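One structure below.
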Amino acid sequence: MNFDDTPQEAAFRAEAKAWIAANAPKQYEDELRKASLGRVALKGANILEVAKAWQKKKADAGWACLHWPKEYGGRGSSPIERVIWQQEEGPFGRLSSMFIIGHGMCGPTMMAFAGEEQKRRYLPPLASGEKIWCQLFSEPAGGSDVAGLRTRAEKRGDEWVINGQKIWTSGAHYSDYGILLTRTDPTVAKHKGLTMFFLDMKSPGVEVRPIKQASGASDFNEVYFTDVRIPDTQRLGNVNDGWNVSLTTLMNERMSIGAGVATGFPELFDFCNSLMLEDGPAIENRAVRSKLANWAVKASGLKYTSMRAISALSRGERPGPDNSIGKLVAGSMIQDVATYALDLQGAAGTLSGPEDAEVAGKFQAMLLRAPGTRVEGGTDEIMRNIIAERVLGLPGDIRVDKDVPFNKIPTKGRA
Amino acid sequence: MNFDFSDEQKQMRDEARKFLSEQCPPKAVREVLDGKAPYDKALWKGLAEMGFLGVAIPEQFGGAGAGHLELCVIAEEMGRALAPVPFSSTVYLAAEPLLIAGSDAQKQKWLPKIASGDAIGTLALFEGKGNPSPKAITVTANGGVLNGVKKPVPDGAIADFAVVAARTGSSGRESDISLFIVDLKAGGVEIKSLTNIDLTRGQAEITFKDAKAEPLGAAGEGWSVITQVLDRAAVLMAFEQVGGADRALEMGRDYALDRIAFGRPIGSFQAVKHMLADMYVSATLARSNCYYGAWALSTNAGELPEAAAAARISATQAFQHCAKNNIQVHGGMGFTWEFDCHMYYRRANAVALGLGSLSYWEDALIDRMRKKNAA
Ligand SMILES: Cc1cc2nc3c(=O)[nH]c(=O)nc-3n(C[C@H](O)[C@H](O)[C@H](O)COP(=O)(O)OP(=O)(O)OC[C@H]3O[C@@H](n4cnc5c(N)ncnc54)[C@H](O)[C@@H]3O)c2cc1C
């Protein structure tokens, strides 16, 4: 048992470190390091431009999308090299948040299902951040139950005509392309009538309407499709096989381990170290210490769970479904940590103006972002289902709609 | 990075698991549980023959000289099987202080006997309610004899010798405490068995009346040794706890697959699935903390105090969590004497206290993190 790099890993790390030291936008390092969950913004700079510039620089030097093949804009690295890169990139990795969906999910789906010429055309600019992609899966009628979606795609000659609505689409407002899951046959069971496409978000008939989130920010959108035309050549996978294609996308989410999930614990620990309560320093209060200790072991448990996963990666094993643990644990934890940090401040915990933002504001930002963390990419309940079914081997949920034609499934809970 | 046990260590785990599943089935645990024997003597001998008792004891003292990672592997299996033997008291609480502070002669005298299963040892630290603290120690050592009462002493009624923490000064500081080795079969020692929540492991009250004691380590350094012993034991015990948690989870999962209610396996009910998923999550977080503790223990890293506390807290929580919910998954069956669930529940709640309570370790963890931060 050791934490040492192999000689090759050490050489890779040294190379990465040197390149980052020479090239990263260091003027933003401090701000990025301090940015609290869900609030990566830079004062006096357009975050999108800064992020794109950093991504382009990485791509030009061969440090973008490390695990992708070279011909598609990557580096052909091993999974472990990717993790080492993330460790070395540190706070600058936070600039990648708008590329995560494209790099983590859309790219791999294109790689698996697009034609060779399309891959060479679309993937390099995706890797370099010149083009941003989004994932158009969720709908008002289908979130956890993705296969419950209703957006229709109808074949007209060599084209498909799309009508319907997507929702919660992260980054649609600045995306150039998207992968889109549609219904192509409503008369068969819901998983059997879906088809996947990719499309240009600037196509006529695509309308993006930002949604104001509970946090006050607007990172995701509604996307409306009115007679949007997509050439059949932009279909990914076979007609009515979209469910399997989407599984590829969702499986790839799992590969995105290593960077470490935010738990809010380091922030809380620092805060308790400096906070004076009525009867002395918070850190010396028994009740406070007990709470801190409980979160400390969750945070370290997550950290070392990911190190075990990284060790497995370096042995060439594939990440298993137990990587669902990170998001499941961190989501509620950050919510609880933030609630507690505010509680410790009493009435002052409500303040978030510029003077108080450093303390209360930081935890308020966490508090207001956390509900989204627990929902996006699969809710806590769906994560628990995944662990129960795929790790522990328990039976799948009873599906009353499994063999029913989609257009016969009830659409309202209360009649 | 290889944050995992080696193939040889995993092979050792498989061996231990196989051995224990044959030599220590629940039926054997129940012999002790039902009071038919104070511990499983045949199993104890078998463990010695397998080399498990001396796995971390150097070869020159009769052990296998493998190391603490190997001991962690064995500890996990002992916890899984709820082995009703004085393993933790002898191996973690008596052998470790000897390894840390013993003279060559003392090591030569006791360690080979521990490795061969010929001597059972224990640590006599506690004196009634409360957590480890030099202030709580009132047993005195004067002119080579001990006086006072220790309780509870794990496996005290079956132990051959004890490492005893006693007061040798009155300055009110840690340096008042020194360690001694006492032959429990000699004169001046009265031992009374105490009933306790975990019926598979005994506890005792030991009264010393001018009992002859031999100093272990330098005078005044007892508390520093105790702290190191508790940290090491915390990691090792945490592995036992993770083993127990894993087994409780497995029992719950298996029952959920077999038991039918409302026409379907109860494991298809989401409330039950989610309960089991949460058990898996807490066991996994604890396991990961334990691995870090194992690394720190085996390399004697400066991180050990913090790593030990984290492993201890998270394994305590995981075992308690899994043991209680295993009963819930089993419904009424889980509450019967016949089903094994209660044995894990008892053990989970007993080992949670044996090295100091959860709140004690919580306090220690934050203290240690704070010191590291300030450094
Ligand atoms: C910040 C954010 C970003 C997002 N970005 C994207 C994106 O870029 N692209 C995209 O396509 N989607 C995106 N989503 C959508 C996201 O994937 C869905 O919101 C999520 O899968 C949940 O679906 P839903 O909102 O329809 O909730 P519902 O599915 O309606 O869930 C409501 C409640 O019911 C529970 N529930 C539902 N089904 C089950 C079940 N089988 N068992 C137990 N409980 C169940 C849920 O856990 C939840 O508590 C984003 C969401 C958020 C919050």
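We did not get these values from a lab; they are worked out from the coordinates using the rules stated. From a predicted model like this one, the values you see are computed outputs, not experimental measurements. For neighbour counting, all protein chains shown are included, and Cβ atoms are generated from backbone atoms with ideal geometry for every residue, glycine included.
Would you mind giving the mean number of other chain beta-carbons within 10 Å of the Cβ of each residue in A:281-290, as a whole number? It would help to have the intermediate numbers written out before the result.
Numbers: counts 1, 0, 5, 3, 0, 4, 0, 1, 9, 7.
Taking the mean over all residues of the peptide, I get 3.
In peptide B:259-268, how many Cβ atoms from other protein chains are near each Cβ within 10 Å, on average? Write out the running numbers ahead of the final one.
Details: counts 0, 0, 0, 0, 0, 2, 2, 2, 6, 7.
The mean count of partner-chain Cβ atoms within 10 Å per residue comes to 2.
Can you list the aspartates and glutamates whose alpha carbon is less than 12 Å from that of residue A:190, not counting same-chain residues fewer than 8 positions off?
Hits, sequence-local ones excluded: A:145, A:241, A:401, A:403.
Sequence gap at least 6, Cα distance under 8 Å: using those rules, report the relative contact order of the range B:1-117 to the nearest whole percent. Walk me through the numbers on the way to the answer.
Working: 127 pairs, mean separation 37.5, N = 117.
So the answer I get is 32 percent.
Ordered by residue, what ³J(HN,Hα) values in Hz, to whole numbers, does the range B:41-50 give under the Karplus form 6.51 cos²θ - 1.76 cosθ + 1.60, where θ = phi - 60° and Gly and Pro are x?
5, 5, 5, 4, 4, x, 4, 5, 5, 6
How big, in percent, is the set of alpha carbon pairs in the range A:1-155 lying more than 19 Å apart?
Working: 7242 of 11935 pairs.
Here the long-distance tail beyond 19 Å is 61 percent of all Cα pairs in the range A:1-155.
Using only Cα atoms and rounding to the nearest 10 degrees, what angle (0 to 90) does helix B:304-334 make with the longest principal axis of chain B?
Helix B:304-334 sits at roughly 40 degrees to that axis.
Cα to Cα, under 15 Å, and not fewer than 8 places away if on the same chain: which aspartates and glutamates meet these conditions relative to residue A:212?
Cα-Cα hits under 15 Å: A:222.
Could you go through the range B:361-375 in sequence order and give the Karplus-derived ³J(HN,Hα) for each residue, using 6.51 cos²θ - 1.76 cosθ + 1.60 with θ = phi - 60°, rounded to whole Hz, and x for Gly and Pro?
Once θ is set to phi - 60°, the couplings for the range B:361-375 become 6, 4, 4, 4, 4, 5, 4, 5, 5, 5, 4, 5, 4, 6, 5 Hz.
Taking amide H atoms as placed 1.01 Å from N in the peptide plane, list the residues 5 or more away in sequence, or in a different chain, whose amide H sits under 5 Å from that of residue A:160.
For residue A:160, whose amide H was placed from the backbone, the distant partners under 5 Å are A:230, A:232.
Relative contact order of the range A:135-200, please, whole-number percent, based on alpha carbon pairs below 8 angstrom and at least 6 residues apart. Walk me through the numbers on the way to the answer.
Values: 114 pairs, mean separation 21.2, N = 66.
In percent, rounded to a whole number, it is 32.
Helix A:47-60 against the longest principal axis of chain A: what's the angle in degrees, Cα atoms only, rounded to the nearest 10?
The angle comes out at about 80 degrees.
Kirkwood Rh, the range A:19-82, all Cα pairs: how many Å? Before the final figure, lay out each step's value.
Values: mean 1/r = 0.0760 Å⁻¹.
Kirkwood radius, the range A:19-82: 13.2 Å.
For labels at residue A:145 and residue A:273 in the simple 7 Å Cα→Cβ model, what's the distance in nm?
4.9 nm
How large, in Å, is chain A by the Kirkwood hydrodynamic radius built from its alpha-carbon pairs?
Details: mean 1/r = 0.0432 Å⁻¹.
Taking the inverse mean of 1/r over all distinct Cα pairs, chain A comes out at 23.2 Å.
Output needed: percent of Cα pairs per 10 Å distance bin for the range A:110-154, bins running from 0 to the one holding the longest distance.
23, 33, 34, 10
Of the DSSP beta bridges with both residues in the protein assembly as shown, give the percent that are antiparallel, rounding to the nearest 5. Write out the running numbers ahead of the final one.
Details: 62 of 74 bridges.
Once the DSSP bridges in the protein assembly as shown are tallied, antiparallel ones form about 85 percent.
I need A:306, B:89 ordered by Cβ neighbour count within 10 Å, fewest first. Kindly include the intermediate steps, with their values, before the conclusion.
On the way: A:306 21, B:89 26.
Going from least to most buried by this count: A:306, B:89.
Mind sorting B:151, A:408 by how few other Cβ atoms lie within 10 Å of their own Cβ, fewest first? Before the final figure, lay out each step's value.
On the way: B:151 17, A:408 10.
Going from least to most buried by this count: A:408, B:151.
Around residue A:170, which amide H atoms from residues at least 5 apart in sequence, or from another chain, sit under 5 Å from its own amide H, with H modelled in the peptide plane?
For residue A:170, the qualifying residues are A:135, A:221.
All other residues with a Cβ under 14 Å from the Cβ of residue A:336 taken together, and with Lys, Arg as +1 and Asp, Glu as -1, what is their net charge?
On the way: positive: A:291, A:298, A:369, A:374; negative: A:267, A:343, A:380.
Spelling it out: positives minus negatives among the neighbours equals +1.
Would you please give the FRET efficiency between residue B:34 and residue A:41, computed as 1/(1 + (r/R0)^6) with r the Cβ-Cβ distance and R0 = 56 Å, to the nearest 0.05?
Working: r = 66 Å, r/R0 = 1.18.
The value I calculate is 0.25.
Separation between the residue B:270 and residue B:300 pseudo-spin-labels, each 7 Å from Cα along Cα→Cβ, expressed in nm?
5.4 nm
If you look at just the Cα atoms of the range A:103-238, how large are its Rg and its Dmax in Å?
Gyration radius and largest Cα-Cα distance of the range A:103-238: 14.4, 45 Å.
Listed here are the pairs A:43/A:327; A:303/B:371; A:34/A:131; which of them are more than 23 Å apart at the Cα? List each step's numbers first, then the result.
Working: A:43/A:327 29 Å; A:303/B:371 21 Å; A:34/A:131 28 Å.
Cα-Cα > 23 Å for A:43/A:327; A:34/A:131; rest within.
How far apart, in nanometres, would the label points at residue B:374 and residue A:397 be if each is projected 7 angstrom from Cα along the Cα-to-Cβ direction?
So the two model labels end up 5.1 nm from each other.
What's the ranking of B:188-201, A:285-298 by average number of surrounding C-beta atoms within 10 Å, highest first? If you can, show how the numbers build up before the last one.
Working: B:188-201: 15.9, A:285-298: 20.1.
Packing proxy ranking, top to bottom: A:285-298, B:188-201.
Specify the angular offset, from 0 to 90 degrees and rounded to the nearest 10, of the alpha carbon long axis of helix A:79-89 from the longest principal axis of the alpha carbons in chain A.
Between helix and principal axis, roughly 50 degrees.
Checking a compactness column here: for the protein assembly as shown, what do you get for Rg(Cα) / (2.2 N^0.38 Å), N being the number of residues?
Numbers: Rg = 30.0 Å, N = 790, 2.2 N^0.38 = 27.8 Å.
Dividing the Cα radius of gyration by 2.2 N^0.38 Å gives 1.08.
Taking residue B:10 as the anchor, which lysines have their alpha carbon closer than 18 Å to its alpha carbon, excluding any fewer than eight residues away along the same chain?
Filter leaves B:18.
May I ask for the distance between the Cα centers of the range B:40-61 and the range B:256-274, given as a whole number of Å?
With the range B:40-61 and the range B:256-274 each reduced to a Cα centre, they are spaced 42 Å.
Step through the residues of the range A:100-110 one at a time and calculate ³J(HN,Hα) from phi using the Karplus curve (6.51 cos²θ - 1.76 cosθ + 1.60, θ = phi - 60°), rounding each to whole Hz and writing x for Gly and Pro.
Working through the residues one at a time gives 4, 5, x, 6, x, 10, 5, x, x, 5, 4 Hz.
Determine, from the Cβ-Cβ distance of residue A:118 and residue A:404 and an R0 of 30 Å, the FRET efficiency 1/(1 + (r/R0)^6), rounded to the nearest 0.05.
Calculated value: 0.25.
Quick one: Cα centre-to-centre distance for the range B:181-197 and the range A:293-361, in angstrom?
Centre-to-centre distance over Cα atoms comes out at 47 Å.
Give the average, rounded to an integer, of partner chain Cβ atoms located within 10 angstrom of each Cβ in B:274-283. List each step's numbers first, then the result.
Details: counts 7, 2, 6, 15, 5, 2, 7, 12, 3, 0.
Mean partner shielding for this stretch: 6.
Would you grab the residues whose amide H sits under 5 Å from the one on residue B:216? Only those 5+ places off in sequence or on another chain, please, with H modelled 1.01 Å from N.
B:179, B:180, B:181
Could you tell me, in Å, what Rg and Dmax come out for the Cα atoms of chain B?
Cα only, chain B: 20.5, 74 Å (Rg, Dmax).
Determine, for each peptide in B:49-57, A:6-14, the mean count of other beta carbons within 10 angstrom over its residues, then list the peptides with the highest first. Working shown, then result.
Values: B:49-57: 23.1, A:6-14: 13.2.
Sorting B:49-57, A:6-14 by mean packing, highest first, produces B:49-57, A:6-14.
What list of whole percents do you get for P(r) of the range A:206-291, with Cα-Cα distances grouped in 10 Å bins up to the one holding the largest distance?
Per 10 Å bin, starting at 0, the Cα pair percentages come out as 12, 18, 25, 19, 12, 10, 5, 0.
Which of B:368, A:369, A:152 has the fewest other C-beta atoms within 10 Å, and how do the rest follow up to the most?
A:152, B:368, A:369
Could you work out the relative contact order of the range B:267-366, using alpha carbon pairs under 8 angstrom and six or more residues apart, expressed as a whole percent? Walk me through the numbers on the way to the answer.
Working: 86 pairs, mean separation 26.4, N = 100.
It comes to 26 percent, rounded to a whole number.
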